[in-house]
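The numbers here are math on the coordinates, done by the rules we state, and not lab data. As the structure is a prediction and not an experimental result, all values here were calculated from the model. With ideal geometry, Cβ positions are generated from the backbone for all residues, glycine too; neighbour counts draw on all protein chains shown.
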């Protein structure tokens with residue numbers, strides 16, 4: 001992450017509006033419905049916690065569905081379990 005300094009810790013988070021792009025097959029998502037079915041939403045992100053990209057496929061295989069990612073598809077922004085697996089599980093990176 002080039003916008004993060006490894007020498008100046010604290011107060012260096014990426015702030016401001018950032019796009020979250022919904023996956024094409026996420027029309028079922030309750031969160032996406034809350035955004036009116038939008039394909040892209042802009043929110044403020046802090047990214048205090050992130051999903052290690054090395055585990056994304058394993059988590060997806062286990063049932064976690066990352067329906068929202070950053071504009072490059074590298075950072076997971078929204079995870080939601082399909083209603084067949086859970087009735088209330090969703091996580092967001094928004095502030």
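Between residue 74 and residue 58, the simple spin-label model (points 7 angstrom out along Cα→Cβ) gives 2.2 nm.
In terms of surrounding Cβ atoms within a 10 Å radius of their Cβ, 32, 44 rank from fewest to most as 44, 32.
Taking neighbour counts of Cβ atoms within 10 Å as a proxy for exposure, in what order, fewest first, do 51, 41 appear? All intermediate terms of the calculation are to be shown ahead of the outcome.
Working: 51 17, 41 20.
The order, fewest Cβ neighbours first, is 51, 41.
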